[in-house]
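**Q** Got a structure for you, written out below as structure tokens; questions coming shortly.
The values are calculated or read from the model by the stated rules, or taken from the named source; none is laboratory data. If you're wondering where the values come from, they're calculated on a predicted model, not measured in any experiment. Don't worry about glycine lacking a Cβ; one is built from the backbone with ideal geometry, like all the others, and counts go over all protein chains shown.
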Amino acid sequence: MPRALLILVTALFAQHAAADAIKNTFPVASIAPDTVGILYPGFSVAAGVNGAALPKAGRGTAFQLGYSPAIQGWQSHGAFGSVAHAKGSFGIGAGYQGSLAQDGTLTNGAFAGMGYNVDNFSFGFFLHEDNFAFGISPEINAGLTVELPIVDFGIVFHGLNQSPSAILALGTRSGSRMNVELNVETPSFYNLGGRYIITLSAQLDAGILGFYFRTSYYTDWNGLYHTVGLGGWAWDAVNLSAQYNTNGQGTMAATFVF
């Protein structure tokens with residue numbers, strides 16, 4: 001193998017210093033109620049997905065800025081910004097998510113969460129307000145993750161103060177190289193005969209590059225919904241990522257690690 005090619009391959013698959021600070025970079029700019037995995041969410045979105053995941057999703061501080069263009073005429077432009085920090089057994093995060101519709105309607109929302117880890121258990125909570133136009137009445141959510149002998153288990157309760165539902169998950173424990181999760185999202189506990197969503201997600205860290213895939217099955221319309229992502233460390237502390245779903249929506253994000 002030529003020396004230049006050998007150096008390139010080694011660089012691609014070596015453990016990147018900044019990547020070590022964030023166990024998962026994906027998904028980007030995606031929080032609940034999107035079908036995001038609750039065991040291994042991206043560090044920058046964990047505060048809006050499962051507060052219990054924050055202590056182990058990364059270390060140090062990360063800022064993320066995301067943008068979703070209106071690729072098709074009926075879509076809205078989306079904007080996302082978040083900050084996450086974790087040190088020792090404690091993690092905290094907060095962020096903004098907004099959209100601008102084709103008719104000029106602006107929607108502004110926010111989220112915040114925190115989590116704490118004790119041995120094999122992590123627990124946390126997070127608040128989510130998806131539209132301030134109707135006042136401030138955030139949804140209260142709580143989560144728990146447990147490291148079992150072979151797999152990880154997690155559960156998140158959504159809308160404890162509104163219409164409660166839950167997500168139950170099982171996942172691998174392969175560190176930051178490869179993470180696979182299977183979860184089931186229930187309908188409201190007030191109507192358990194409603195829609196269930198079964199989601200399988202996988203993320204591969206190949207050094208400076210990261211790959212993401214997620215597919216969800218919706219029982220109400222017997223259909224599948226896919227998301228794919230590709231990202232990389234452009235500089236030592238800057239990650240650039242893009243993801244696209246079968247709804248025709250693309251998202252670009254830049255994550256800065258300190």
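**Q** Return the total of residues in the stretch 48-64 being in a helix (DSSP H, G or I) and over 9 Å from the mean Cα position of the chain (by Cα).
**A** Selection size over the stretch 48-64: 7.
**Q** If you go through the stretch 178-200 one residue at a time, do you hit one that is surrounded by 15 or more Cβ atoms within 10 Å (Cβ to Cβ), modelled with pLDDT of 95 or more and of a type in the set (D, E)?
**A** For the stretch 178-200, residues surrounded by 15 or more Cβ atoms within 10 Å (Cβ to Cβ), modelled with pLDDT of 95 or more and of a type in the set (D, E): present.
**Q** Here is a follow-up. Which of the numbered conditions does A32 fail, given that it passes all the others? Conditions: (1) at negative phi; (2) surrounded by fewer than 24 Cβ atoms within 10 Å (Cβ to Cβ); (3) over 9 Å from the mean Cα position of the chain (by Cα).
**A** (3)
**Q** I need the full set of residues from the stretch 225-241 which are surrounded by fewer than 16 Cβ atoms within 10 Å (Cβ to Cβ) and part of a strand (DSSP E or B), in order please.
**A** Hits for the stretch 225-241 are H226, V228, L230, A234, W235, V238.
**Q** In the stretch 10-45, which residue that is in contact with a Pro (Cβ under 9 Å, 6 or more places away or on another chain) and closer than 16 Å to G109 by Cα is modelled with the highest pLDDT?
**A** Of everything passing the filter in the stretch 10-45, V45 is modelled with the highest pLDDT.
**Q** Hey, any hits in the stretch 136-146 for a residue that's touching an Asp or Glu at 6+ places or on another chain (Cβ under 7 Å), within 18 Å of I31 (Cα to Cα), surrounded by 16 or more Cβ atoms within 10 Å (Cβ to Cβ) and hydroxyl-bearing (S, T, Y)?
**A** yes
**Q** With the checklist (1) under 24 Å from G232 (Cβ atoms); (2) surrounded by fewer than 24 Cβ atoms within 10 Å (Cβ to Cβ) in hand, flag the one item Q72 doesn't pass.
**A** Going through the list (1) under 24 Å from G232 (Cβ atoms); (2) surrounded by fewer than 24 Cβ atoms within 10 Å (Cβ to Cβ), Q72 breaks only (1).
**Q** Moving to a separate point now. Could you identify the single residue in S82, S89 that is modelled with pLDDT of 95 or more, surrounded by fewer than 18 Cβ atoms within 10 Å (Cβ to Cβ) and within 30 Å of F121 (Cβ to Cβ)?
**A** When all the criteria are applied, what remains is S89.
**Q** Name the residue that is farthest from L182 (Cα to Cα), counting only residues in the stretch 205-224 that are in a strand (DSSP E or B) and touching a Lys or Arg at 6+ places or on another chain (Cβ under 7 Å).
**A** The residue in question is D205.
**Q** A further question follows. Would you be able to tell me the number of residues in the stretch 75-129 that are under 15 Å from I31 (Cβ atoms), in contact (Cβ under 8 Å) with a residue 60 or more places away in the chain and of a type outside the set (A, V, I, L, M, F, W, C)?
**A** Within the stretch 75-129, residues that are under 15 Å from I31 (Cβ atoms), in contact (Cβ under 8 Å) with a residue 60 or more places away in the chain and of a type outside the set (A, V, I, L, M, F, W, C) number 7.
**Q** Shifting gears a bit: For G58, state whether it is under 13 Å from I31 (Cβ atoms) and in contact (Cβ under 8 Å) with a residue 12 or more places away in the chain.
**A** For G58, the condition - under 13 Å from I31 (Cβ atoms) and in contact (Cβ under 8 Å) with a residue 12 or more places away in the chain - is not met.
**Q** Has the stretch 28-36 got any residue that is free of Cβ contacts under 8 Å to residues at least 40 places away in the same chain and assigned to a helix (DSSP H, G or I)?
**A** No: the stretch 28-36 contains no residue that is free of Cβ contacts under 8 Å to residues at least 40 places away in the same chain and assigned to a helix (DSSP H, G or I).
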